[in-house]
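I have placed the structure first, in the form of structure tokens, so that the comments after it can refer back to it.
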Amino acid sequence: MIYFQQGLGEKAIAERTEATLKMAKVTGDAVTTVSDQLTAIWNNFDDGTQSLEHYVDVITALGAATASSTDEIADGLQKFAAIAETVGLSYEYAATALATVTSETR
């Protein structure tokens with residue numbers, strides 16, 4: 001998987017793989033797609049204060065609660081993460097904003 005190519009340690013690879021497989025199972029998305037999306041999210045928002053699964057939980061809950069999907073939110077964050085982090089938006093705020101915009105413009 002992509003995590004080996006990132007040069008991560010064994011523990012980080014195991015944690016990321018577990019979170020990725022869980023999200024892929026819940027959403028039905030391909031593992032390669034989910035790993036790309038989560039890599040962008042973790043690389044831009046993870047500061048060590050939350051578990052890796054927290055990031056999965058947030059977008060999965062938003063996808064279920066709105067007229068958007070987890071894949072749409074994750075894909076949007078993948079494209080928007082660097083900008084959001086640069087301007088100081090929290091992960092939760094950025095994910096919620098994307099879910100709202102996707103849901104409202106549907």
- Item | Yes/no for THR17 being surrounded by 15 or more Cβ atoms within 10 Å (Cβ to Cβ), modelled with pLDDT of 95 or more, on the phi < 0 side of the Ramachandran plot and hydroxyl-bearing (Ser, Thr, Tyr) | yes
- Message: Given the criterion at pLDDT below 90 and either more than 11 Å from the chain's Cα centre (by Cα) or crowded, with 20+ Cβ neighbours inside 10 Å (or both), identify the matching residue among GLY63, GLY48, GLY28.
- Response: GLY48
- Task: Enumerate the pairs (first residue in region 46-61 and farther than 14 Å from ALA94 by Cβ and touching a residue at least 24 places away in the same chain (Cβ under 8 Å); second residue anywhere and among the β-branched types (Val, Ile, Thr) and open to solvent by 70 Å² or more (accessible area, probe 1.4 Å)) with beta-carbon separation below 9 Å, excluding pairs fewer than 6 apart on the same chain, so at least 6 apart or on different chains.
- Result: VAL56/VAL26; THR60/VAL26
- Query: Does any residue of region 71-91 turn out to be in a helix (DSSP H, G or I), more than 17 Å from ALA40 (Cβ to Cβ) and modelled with pLDDT of 90 or more?
  - Reply: no
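The values are calculated or read from the model by the stated rules, or taken from the named source; none is laboratory data. In this text, all values refer to a predicted model and were calculated from it rather than measured experimentally. Glycine gets a Cβ as well: all are built from the backbone with ideal geometry, and neighbour counts include every protein chain shown. Note: areas computed on protein heavy atoms with side chains; ligands, DNA, RNA excluded. Shrake-Rupley method; radii C 1.70, N 1.55, O 1.52, S 1.80 Å.
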